[in-house]
Amino acid sequence: MSWGSELWDQFDNLEKHTQWGIEFVEKYTKFVKERSEIETSYAKQIRNLSKKYQPKKNSREEEESKYTFCRAFLTSLNELNDYAGQHEVIAENLTSQIISELSRYMQELKAERKSHFHDGRKAQQHIESSWKQLESCKRRFERDCKEADRAQQYFEKMDADINVTKADVEKARQQAQMRHQMAADSKSDYSSYLQKFNQEQNDHYYTIIPNIFQKLQDMEEKRIERIGVCMKTFADVDRQVLPIVGKCLDEMTKAAESIEPKTDSKQVVESYKSGFEPPGDVEFEDYGQPMKRTASDTSLSNPREGKEKPTGKTKGKLWPFIKNKNKITLNSHVRNLIEGSGPEDFSHLPPEQRRKKLQGKLDELNKDIQKEMDQRDALTKMKDVYVKNPQMGDPASVDPRLLEIGQNIEKLQFEVQKFEGWLAEVEERMPSKSDTHRRSGIYETQNNTTVSNNCAQDRESPDGSYTEEQNSETQVKANTHPIPTSSTPEFDDEFDDEETLPTIGTCKALYPFEGHNEGTISVAEGELLYVIEEDKGDGWTRVRRNEDEEGYVPTSYVEVFLETNAKDS
């Protein structure tokens, strides 16, 4: 249906309708703009969320990255960041493909509508002007006809009157003829202009206005079509990113499916396993039999009192699930491992952790050596090229760098030998793999919980380390808490001059201990010894087997029974 034929008399309504169409385009453009802003804001919030939970660059996060569920979460965060990027793409495409296009089209639409209605008003003014001219011709014709009738009546009256002169009659007759001629001319003009007006009116209502209205109809249909295209684009913009969004979601699902509880459980063992053996069976202690001991003249109590088990607090068993707030747990030493503190030989770590740390250090050193060797090979080839082609460079210019690389390799190889020696010592002292596998259960638990009764000190050396190897820290603490040694003449003289320390209690060895370091004493599991000096906070207790044998043992390896008088003092 055509607007020109059906709505020829609805000029004003069409003007209002087309204006409403332009306002609708403006409203839809505003809608898309707000949607774009929402997508941009959403993408920003998603990116901030992903960034907020991204792991920080510290050793704690590196330690956590060993677990599959932590790696899966990191993958999900990265994919979420990419997911946010797709919403930014949506916002950009909405702006470029819809908002910008509609804004430009709206200006063209307004200009086109204005032009069509200008032509319509101009045509309306023309037909109205023609109608006024037709009315003017019609009134003139009417007036001339009336004047001709009056002139004719006057002539007939004069012609019938005998008293009127012939000249007056002739004059009246001429006047009447003139009026009739004027009326005839007016009639001709009116008839001619009427025909012209009818033609113009026909053209106006059947040609000019229909053409203008047809252009307005075409304009309106194009506007509607354009809105439809934009609405389709609005959906397509979302659909275009769905494959990438789907890929992000698939990667998140894949990351979640990559989580392996067994692997993470095994990693807990790898991270916290100490490598120590669990304690053996507790032997029956027959306190009904007298205990042989050597009494000192300066003892704080009589020998009989040393034989009785005190009623006060004593060293308990290593129960893995009991907390002891007064002692440092194994986890503190694991934190030392994570934070990278401690001596160079990692002697502050449990055997298993120390072995892994030493092995990792060896791998790093071997990689560094390989890099240096690759550089040396490259420089050697360059030097050969310079020797064969002096114009390309001076062969001697490469020598300083080659010398530096050679020195670096020597240093690294020395480091490798040093760490290999430490590693061999650790592996030699560690239990067999079968024993480790059999006994690892309780210590996995101990290392993941706070352990009672000096668990952190259970395997410490005099310097607080977990090995029996002596290092620089040991020397420092040994000065504070001197251990007698036969290799130092000056100290031997002092020790010989010292008065024999009194016995302040007894102790029982819970585990076997091999005293490799100077100043320590080897004990067998279940062996009874005399305590001559309490633990001063360094994890070591000074004991005596007989008058000639005394030394230090780890406090956590023995169960100490201090005499009542010694505790009171």
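The values are calculated or read from the model by the stated rules, or taken from the named source; none is laboratory data. In this text, all values refer to a predicted model and were calculated from it rather than measured experimentally. All Cβ positions, glycine included, derive from the backbone under ideal geometry; neighbour counts span all protein chains shown. Side chains are part of the model used for accessible areas, which takes the heavy atoms of the whole protein and leaves out ligands, DNA and RNA. Shrake-Rupley method; radii C 1.70, N 1.55, O 1.52, S 1.80 Å.
Looking only at residues in the stretch 1-33 that are part of a helix (DSSP H, G or I), open to solvent by 50 Å² or more (accessible area, probe 1.4 Å) and not charged (D, E, K, R), the one that is modelled with the lowest pLDDT is S5. Inside the stretch 146-160, residues that are farther than 19 Å from S186 by Cβ and open to solvent by 90 Å² or more (accessible area, probe 1.4 Å) make up a count of 4. Return yes or no: is F234 touching a residue at least 24 places away in the same chain (Cβ under 8 Å) and within 43 Å of the chain's Cα centre (by Cα)? For F234, the condition - touching a residue at least 24 places away in the same chain (Cβ under 8 Å) and within 43 Å of the chain's Cα centre (by Cα) - is met.
How many residues are open to solvent by less than 50 Å² (accessible area, probe 1.4 Å) and under 45 Å from the mean Cα position of the chain (by Cα) if we restrict to the stretch 370-414?
8
Among the residues making up the stretch 161-176, those that are open to solvent by less than 80 Å² (accessible area, probe 1.4 Å) and of a type in the set (A, V, I, L, M, F, W, C) are V164, A167, V169, A172, A176.
Quick grid of which residues meet (1) at pLDDT 50 or above; (2) open to solvent by 70 Å² or more (accessible area, probe 1.4 Å); (3) touching a Pro at 6+ places or on another chain (Cβ under 6 Å):
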| site | (1), (2), (3) |
| --- | --- |
| V229 | yes, yes, no |
| K247 | yes, yes, no |
| D297 | no, yes, no |
| V334 | no, no, no |
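Just one of the numbered conditions (1) in contact with a helix residue (DSSP H, G or I) (Cβ under 7 Å, 6 or more places away or on another chain); (2) surrounded by fewer than 20 Cβ atoms within 10 Å (Cβ to Cβ) is not true of T541: (2). Here the condition is being out of contact with any Gly (no Cβ under 8 Å at 6 or more places or on another chain) and surrounded by 17 or more Cβ atoms within 10 Å (Cβ to Cβ); of S130, S103, it holds for S130 alone.
Would you mind finding the one in K114, K110, K138 that is over 26 Å from K30 (Cβ atoms), open to solvent by 70 Å² or more (accessible area, probe 1.4 Å), basic (K, R) and assigned by the TED database to the domain that holds T207?
Values: K114 fails: over 26 Å from K30 (Cβ atoms); K110 fails: over 26 Å from K30 (Cβ atoms).
Every option except K138 fails the conditions.
Based on what the data block shows, is S186 over 30 Å from V25 (Cα atoms) and either acidic (D, E) or surrounded by fewer than 14 Cβ atoms within 10 Å (Cβ to Cβ) (or both)? No; evaluated as a whole, the condition is false for this residue.
The single residue among S41, S36 that is under 25 Å from T233 (Cβ atoms), of a type outside the set (F, W, Y) and open to solvent by 50 Å² or more (accessible area, probe 1.4 Å) turns out to be S41.
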